[in-house]
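What follows is one structure encoded as structure tokens, with my remarks underneath.
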Amino acid sequence: MPYDLIVRNARITNSTESHLGDLAVKDGKIAAIGRVDGSAIHVLDAGRLTLIPGLIDTQVHFREPGMEHKEDLESGTRSAILGGVTTIFEMPNTNPTTTSLGALNDKLRRAKNRAWCDYSFFVGASTDNIDQLGTLENAPGTPGIKIFMGSSTGPLLVGDDNNLRRVLENGRRRCPIHAEDEPRNRERKNLISDHPHAREHPFLRDAESARLATERILTLSEETRRPVHILHVSTADELPLLEDAKRRGLGTSCEVTPQHLWFHAPDCYNRLGSLAQMNPPIRDSFHQSGLRKALVEGLFDVFGSDHAPHTLEEKAQPYPTSPSGMPGVQTMLSALLSLVHGGLMSLHDIVRMACENPARIYGIKNKGFLAVGMDADFVLVDPQRQAIFERSMVVSKCGWSPYEGEKLTGWPIHVFLRGHQTVANMQVIDLPQGRPVEFDWK
């Protein structure tokens with residue numbers, strides 16, 4: 001029997017090595033890697049493009065239900081697949097919030113036949129559902145429980161240690177954490193100037209807020225023996241805490257975003273204004289340099305986009321009423337490849353942190369690795385292709401990107417989901433093929 005697909009003449013790259021070869025697909029799985037003999041229904045000559053696993057973005061906000069005017073599951077996953085992201089984990093701060101089995105199942109229903117990539121949905125810890133979290137984390141279609149220590153409102157905000165402890169005690173799966181200290185953030189609101197500007201954002205939500213929250217949650221993680229995953233680390237001050245937690249075997253993992261590595265204050269706020277506003281904030285070059293050094297030293301486990309779109313009209317509101325968040329899932333791979341081109345890291349680091357490690361950390365079945373038997377999710381990238389990212393390229397409903405005008409080096413050309421080509425020559429083709437992610441974390 002012939003293969004369904006053979007990709008020939010590709011530079012096949014994982015986290016440790018790269019070699020020129022072929023990859024064959026049968027029934028949606030990788031069937032052979034290396035020198036592949038035999039025939040196939042479809043054959044693609046990669047022309048020595050680089051073949052990597054499809055990226056797994058474990059932090060996106062696709063705004064459905066409740067805020068579909070700025071993103072929905074179709075447009076968000078279309079942005080993802082065009083950017084080489086074949087699997088996403090979506091966050092629970094929608095309207096209504098994803099804090100119950102009914103809300104989770106509603107998102108799964110909404111995604112069916114509309115999602116361009118594979119998907120799962122975090123359940124949010126809240127002050128109302130703590131006793132149900134041990135059951136909710138095992139529901140099909142979720143990677144587990146997300147905790148907001150700051151930057152959220154209503155029941156999704158779990159800011160005090162007593163409730164945080166109870167959340168960590170109810171369940172076993174790794175918890176991703178938005179680590180900002182809400183009491184400190186509220187106190188510092190009074191320090192805003194008479195003529196507010198978005199450049200004040202990293203001052204009002206200062207580095208100490210992030211450091212304090214990370215310190216608190218790591219203490220509780222050790223006390224409850226529940227591993228945590230610190231999202232979008234933004235300060236040099238948190239790095240010693242994370243290093244110590246890892247050294248002491250707490251099971252801690254952590255994420256860094258491309259935008260915290262790429263941009264720095266005050267430059268980004270002077271150029272972009274509130275378009276550069278996100279939580280936790282993009283900070284000055286001292287913190288950016290600390291993050292870059294930690295990346296080189298291998299502290300971070302995962303890249304995540306924290307794709308959080310708002311419309312230009314919403315962003316145009318005067319600070320601080322302007323909402324925090326920026327799109328990023330479409331540009332994540334190209335931004336990371338540009339950092340590779342600039343010498344900050346290697347392509348192997350991208351595969352390790354955006355493909356293999358997310359699969360390991362969350363127990364994703366059959367994804368993240370180029371190996372026989374795994375889902376045939378992969379991307380053919382041109383690491384040398386250079387182009388200016390322009391607003392006309394944005395797929396997200398929000399219609400803008402902080403990377404507009406930036407020269408990006410390295411672009412995804414073709415994208416395959418379970419062996420089905422969904423992007424050809426940088427254009428989305430055919431119909432959505434996304435399915436719920438399966439986990440095997442026990």
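Descriptive notes on the structure:
- Search result, residues across segment 109-134 that are in contact with a strand residue (DSSP E or B) (Cβ under 6 Å, 6 or more places away or on another chain) and surrounded by fewer than 20 Cβ atoms within 10 Å (Cβ to Cβ): none
- The set of residues from segment 209-240 being assigned to a helix (DSSP H, G or I), in contact with a Lys or Arg (Cβ under 7 Å, 6 or more places away or on another chain) and more than 21 Å from GLY134 (Cα to Cα) comprises SER209, LEU212.
- Helices (runs of 4 or more DSSP H) completely within segment 320-373 that count 3 or more residues being within 19 Å of SER253 (Cβ to Cβ): 347-351, 357-362
- Segment 295-335, subset in contact (Cβ under 8 Å) with a residue 60 or more places away in the chain, over 18 Å from MET91 (Cβ atoms) and small (Gly, Ala, Ser), residue surrounded by the most Cβ atoms within 10 Å (Cβ to Cβ): ALA335
- Entry remark, segment 400-438: residues being under 21 Å from ALA308 (Cα atoms), surrounded by 15 or more Cβ atoms within 10 Å (Cβ to Cβ) and of a type in the set (Gly, Ala, Ser) number 2 in total.
- Here is the figure for segment 135-165: residues that are touching a strand residue (DSSP E or B) at 6+ places or on another chain (Cβ under 9 Å), modelled with pLDDT of 95 or more and not hydrophobic (A, V, I, L, M, F, W, C) total 7.
- Condition met for HIS287 (touching a residue at least 12 places away in the same chain (Cβ under 8 Å), buried (at least 21 other Cβ atoms within 10 Å of the Cβ) and either over 30 Å from ASP27 (Cα atoms) or of a type outside the set (Ser, Thr, Tyr) (or both)): yes
- All positions within segment 386-396 that are surrounded by 15 or more Cβ atoms within 10 Å (Cβ to Cβ) and either in the same structural domain as PRO327 (by TED's automatic domain parsing) or among the aliphatic types (A, V, I, L, M) (or both): MET393, VAL394, VAL395
- Residue that is farthest from THR86 (Cα to Cα), among those in segment 47-75 that are crowded, with 20+ Cβ neighbours inside 10 Å and among the hydrophobic types (A, V, I, L, M, F, W, C): LEU49
- Any hit, segment 407-415, residues being among the polar types (S, T, N, Q), over 12 Å from ILE52 (Cβ atoms) and free of Cβ contacts under 8 Å to residues at least 60 places away in the same chain: no
The values are calculated or read from the model by the stated rules, or taken from the named source; none is laboratory data. Computed from a predicted structure; not experimentally measured. In this analysis, Cβ positions are derived from the backbone assuming ideal geometry, glycine residues included, and neighbour counts consider all displayed protein chains.
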